[in-house]
1. I'm checking my understanding of the structure. Among residues of the range 81-109 that are among the polar types (S, T, N, Q) and not in a loop (DSSP other than H, G, I, E, B), which one is nearest to the chain's Cα centre (by Cα)?
2. List the pairs whose first member sits in the range 43-64 and is more than 22 Å from THR8 (Cα to Cα), whose second member is outside any loop (DSSP other than H, G, I, E, B), and whose Cβ atoms are under 7 Å apart, counting only residues at least 6 apart or on separate chains?
3. Looking at the range 34-46, is at least one residue within 23 Å of ASP94 (Cβ to Cβ) and among the hydrophobic types (A, V, I, L, M, F, W, C)?
4. Do we have VAL100 as surrounded by 12 or more Cβ atoms within 10 Å (Cβ to Cβ), under 16 Å from MET1 (Cβ atoms), touching a residue at least 60 places away in the same chain (Cβ under 8 Å) and β-branched (Val, Ile, Thr) here?
5. Filter the range 55-71 for residues that are assigned to a loop (DSSP other than H, G, I, E, B) and either exposed (fewer than 11 other Cβ atoms within 10 Å of the Cβ) or in contact with an Asp or Glu (Cβ under 6 Å, 6 or more places away or on another chain) (or both) and give the result.
6. Among the residues of the range 14-37, which ones are part of a helix (DSSP H, G or I) and of a type in the set (D, E, K, R)?
7. Looking at GLU74, GLU52, GLU11, GLU40, which is the one that is touching a helix residue (DSSP H, G or I) at 6+ places or on another chain (Cβ under 9 Å) and either charged (D, E, K, R) or not in a helix (DSSP H, G or I) (or both)?
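Every number here is computed from the coordinates shown, using simple stated rules; none is lab data. It should be emphasised that the depicted structure is a prediction, and the values quoted were computed from it without experimental measurement. Backbone-built Cβ (ideal geometry, glycine too); neighbour counts: all protein chains shown.
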Amino acid sequence: MRLVLRATVDEFTSPDFEPLFRALSIESLQDPRLQEQIVERIYRPQFAYVEERFRSAREAGQIRQDVDLTIAFELFMAPMFYRWQSGAEPLTHDHADAVVDLVMRALAP
């Protein structure tokens with residue numbers, strides 16, 4: 001997850017990516033069809049990749065058996081979106097690492 005969140009930081013702060021993603025975010029709030037396409041083409045594939053890793057971690061005893069994998073994913077991603085969207089604090093690799101450390105403690109058996 002550390003690599004996933006660091007890559008998320010890199011995308012969100014990239015001058016090539018950020019303006020497009022901000023525009024898509026705004027448009028998707030007003031266009032349910034666009035929102036559905038973004039979810040299906042971007043978010044669901046990303047979650048499928050992470051969900052497989054979570055399942056492996058659960059089987060290996062690295063996370064609790066009762067963890068809802070969707071909520072676990074949201075625990076990692078929501079702080080990234082919040083910082084990116086609000087601009088209240090910088091979105092950095094250090095922040096991503098701190099989120100991973102905190103969430104992993106919360107998910108630990």
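1. In this case the residue turns out to be GLN85.
2. Short answer, once both residue conditions are applied: ILE63/PHE54; ILE63/ALA57; ILE63/LEU107; ARG64/LEU107.
3. The answer is no; no qualifying residue exists.
4. Against the criterion (surrounded by 12 or more Cβ atoms within 10 Å (Cβ to Cβ), under 16 Å from MET1 (Cβ atoms), touching a residue at least 60 places away in the same chain (Cβ under 8 Å) and β-branched (Val, Ile, Thr)), VAL100 qualifies.
5. Within the range 55-71, ALA60, GLY61, GLN65, ASP66, ASP68 qualify.
6. GLU18, ARG22, GLU27, ARG33, GLU36
7. GLU11
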